[in-house]
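See below for the structure under consideration.
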Amino acid sequence: MAFPHSIADLGDLGLLSATIGVLGAYLSYAIRLARHPAPAVAPGTWFGLAAAACWAIEIWAGGPAALDHHTERAIGAAFALSATAITLAAGLIAGLRTRDQRTIWHTGLLAGTISGAGVCAFAVFMTLMTLPALGRRADYQAQFLTSHRPAMHDFLVNDILGAAAAHLIINVLLGVLGAAAGFALLALRGISATAAPHHPSS
């Protein structure tokens, strides 16, 4: 392991175990959807990729971009809000376009899982590729002093693993919330969502 002190105690091991479990759930969902495709795959994927791109810019702005404080906060807030809105909009727009329960549900869930997986991969890769630049940031240096990590690189890797794990959960919750909003929209319009016949593939 390149950074042996990034996982240093039981709390870190618990986080790592939970992250592996969530990634396993992601993989299971992807396999299930591949075996039983839904009309939501294309729109859910595009919403997810757009949200992941926004999260990636937000993380980059708060890390190796080395922007001034006000610019960093402005860009970070703008793209975090954009990513949140895009993920929520997936299920909501599906509710406007279809009455099919499965399409609404999978559009929201796909937007959440794809954005979660995308930003997780980007954040970890970006951190590993920009460790020297990140280590020069004054805020990270201050956090490192109270982190009880033996080296700055270990602190940075542990920090981004925690943030990436959080996105795996938060992004899915946003996608599910968007799907719930899609169903609520149908209810407000007096329209009942229907379950389209499902024909399992052999």
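The values are calculated or read from the model by the stated rules, or taken from the named source; none is laboratory data. On a predicted model such as this, the values are computed, not experimentally measured, just so you know. Reconstructed Cβ throughout: ideal geometry from the backbone, glycine too, with neighbour counts over all protein chains shown. To get the accessible areas, we keep the full protein, side chains included, count just its heavy atoms, and leave off ligands, DNA and RNA. Shrake-Rupley method; radii C 1.70, N 1.55, O 1.52, S 1.80 Å.
In the range 130-155, the residue that is surrounded by the fewest Cβ atoms within 10 Å (Cβ to Cβ) out of those that are small (Gly, Ala, Ser) and closer than 16 Å to residue 64 by Cβ is 138. Selection of the range 93-102 for residues being open to solvent by 20 Å² or more (accessible area, probe 1.4 Å), part of a helix (DSSP H, G or I) and farther than 15 Å from residue 50 by Cβ yields 96, 97, 101, 102. Scanning the range 143-159 for residues being of a type in the set (A, V, I, L, M) and within 25 Å of residue 170 (Cβ to Cβ) gives a total of 2. Residues in the range 103-130 that are in a helix (DSSP H, G or I) and either farther than 19 Å from residue 29 by Cα or among the hydroxyl-bearing types (Ser, Thr, Tyr) (or both): 103, 107, 113, 115, 122, 123, 124, 125, 126, 127, 128, 129.
Summed over the range 29-58, residues that are in a helix (DSSP H, G or I), in contact with a helix residue (DSSP H, G or I) (Cβ under 6 Å, 6 or more places away or on another chain) and open to solvent by less than 30 Å² (accessible area, probe 1.4 Å) total 7. Checked against (1) in contact with a Phe, Trp or Tyr (Cβ under 7 Å, 6 or more places away or on another chain); (2) under 23 Å from residue 84 (Cβ atoms); (3) charged (D, E, K, R), residue 159 passes all but a single condition, namely (1).
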